[in-house]
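Okay, so here's the structure we're looking at.
All of the numbers you see were taken from the coordinates with simple rules; none came from a lab. Owing to the predicted nature of the structure, the values given are computational and were not obtained by experimental measurement. Glycine gets a Cβ as well: all are built from the backbone with ideal geometry, and neighbour counts include every protein chain shown.
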Amino acid sequence: MNASAGASASAVHGPLQDAQAQLAEAVEHLKCPPGLHEMLAMPRRELMVAVPLRRDDGSTAVYSGYRVQHNFSRGPAKGGLRFSTAVDLDEVRALAMWMTWKCALVDVPYGGAKGGVAIEPRDHSIGELERVTRRYTSEILPIIGPGTDVPAPDIGTDEQTMAWIMDTFSVAKGHTVPGVVTGKPIALGGSLGRASATSRGVAHVALMAMASRGLEPTTASAAVQGFGKVGRGAARLLAESGVTVRAISDVDGAIFAPDGIDITRLGAHVDREGTVVGFDGAQPLDPADLLTLDIDVLVPAAIEGVITEANAPHVRASIVVEGANGPTTQAADAILTDRGVLVVPDILANAGGVIVSYFEWVQSNQAYQWRESEVNERLEEKMTAAWHDVVDYAGAHGLTYRQAATSLAVRRVLEAHDLRGLYP
Ligand code: GLU
């Protein structure tokens, strides 16, 4: 098998190499034939577009945009849209593959996709972001739709971005199509509970992981890397469960309070200042040190590749709950496993977002809104079921939770592929 199928010639180690290595392990465990491995290693469809932007000062800038659809065997492709200067084709390929496994693992009827634009949203006005979003949408319009590929928010995008995508798509179709995106504003058919869904799922599996290791929330401590869509809610929900959240970071810096950070007060500070830095209820911390603090639970909830070969030997947490996609490199993962650290993999830990995206898509397609309590209850049900599937499979086959989660997901995708058959 060409182990780098779907990868570019780049020798630099990045998320795609991690995703491919995880797939290779699952394929080996499942004794899957080389041809099927190759099929899963390669995205079904990739679209690269130039996104020209008329800037507020009248000049023109052009950004690279991508949409990668990794798999459709279990249903329409599904996955977020990321605005970040770190976006490139290989990163989007990795994130699309992880979406396929995530959707299969939590058993929502989707394949996997991801999109990105290589742009720093903080450098642009709201008007410029709207024009970039609408132009990107119109470039990828032929390959998205409620039954084809359904974008959602990711790093650097939010519910406003989804509203613009929905509107651009709807104008082109001549009628409103709410099911083309998820993570929409509630007023446009977004689901109650979607905004906090990923965080809720992260906190829920963190508590299940703690229980499995005999840790009581009220005597446990945590550090959270990232205070955005995932980290902020996760920190709040962990604190509400009694966990002492000692450290939090964002792109600008980190803070530390040995007796715990007041997340509500920190939230108000961040809403005012735009960063956790300078919060008067904690002391400054070197962001790199957050990962190796003496705490029970570490929640990386920012970007890929932050737990590496270099810092993994120094991680002191006994549980790592991956709120971000791909925060642990393959080499770091092996080190953590050897050291007995329980790693709850991204495709399980952060699946709450896409689970409620699925609920939103169902509600949008039926034009019927569920109660928030109903959404949260069904979310917890799905997360709990996936957790037990992974724990049981890992136990039965002597695998890590990541190997078990990926293997279960790959097996489900292959089962769907097998039942549909290969066309022609
Ligand atoms: N971007 C989120 C993720 O990585 C959500 C994807 C979705 O809801 O489609 O899981």
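Points worth noting:
- Taking every alpha-carbon pair within the stretch 100-198, the share separated by more than 17 Å comes to 53 percent.
- Between ARG265 and ASN365, full extension at 0.36 nm per residue minus the direct alpha carbon distance yields a gain of 32.1 nm.
- Taking only the Cα atoms of the stretch 60-112, the ratio Rg/Rh comes out at 1.06, with Rh defined as the Kirkwood radius.
- Peptide ranges 347-360, 227-240, 278-291 listed from the most packed, as the mean C-beta count within 10 angstrom indicates: 347-360, 227-240, 278-291
- Converting phi to 3J(HN,Hα) with the Karplus coefficients 6.51, -1.76 and 1.60 and the offset θ = phi - 60°, the stretch 142-152 yields x, 10, 10, x, x, x, 10, 6, 10, x, 8 Hz in sequence order, with x at every glycine or proline.
- Spin-label model, HIS388/THR308: points 7 Å from Cα along the beta carbon direction are separated by 4.1 nm.
- Mean residue ellipticity at 222 nm, helices only, the chain: -14000 deg cm²/dmol; runs of at least 4 DSSP H residues each add -39,500 (n - 2.57), and the sum is divided by the number of residues.
- Taking all Cα pairs closer than 8 Å and separated by 6 or more residues, the relative contact order of the chain comes to 16 percent.
- The chain - charge dipole about Cα centre, Lys and Arg +1 at Cβ, Asp and Glu -1, debye rounded to 20: 1180
- Among beta bridges that DSSP assigns inside the chain, antiparallel share in %, nearest 5: 50
- Distance between the stretch 191-225 and the stretch 14-88 - C-alpha centres, whole angstrom: 28
- Radius of gyration over Kirkwood radius for the stretch 328-424, both on Cα atoms: the Rg/Rh ratio is 1.07.
- Cα centroids of the stretch 89-108 and the stretch 367-391: 19 Å apart.
- Normalised by the number of residues in the stretch 44-104, the mean separation of alpha-carbon contacts (under 8 Å, six or more apart) gives a relative contact order of 30 percent.
- A cut-off under 9 angstrom between Cβ atoms defines the neighbours of SER199, and their net charge, with Lys, Arg +1 and Asp, Glu -1, is +4.
- Ranked by the mean number of other Cβ atoms within 10 Å of their residues, highest first, the peptides 115-125, 174-184 come out as 174-184, 115-125.
- Taking a ≥ b ≥ c as the square roots of the eigenvalues of the Cα gyration tensor, an a/c ratio below 1.5 marks the stretch 219-291 as rounded.
- Residue order, fewest to most beta carbons within 10 Å, for ILE126, ILE144: ILE126, ILE144
- For the chain: Kirkwood Rh in Å [reciprocal of mean 1/r, alpha carbons]: 21.6
- Proxy reagent accessibility, fewest Cβ within 10 Å first, across ASP250, ASP418, ASP271: ASP271, ASP418, ASP250
- The number of Lys pairs in the chain with C-alpha atoms less than 26 Å apart, excluding pairs fewer than 8 positions apart on the same chain, is 19.
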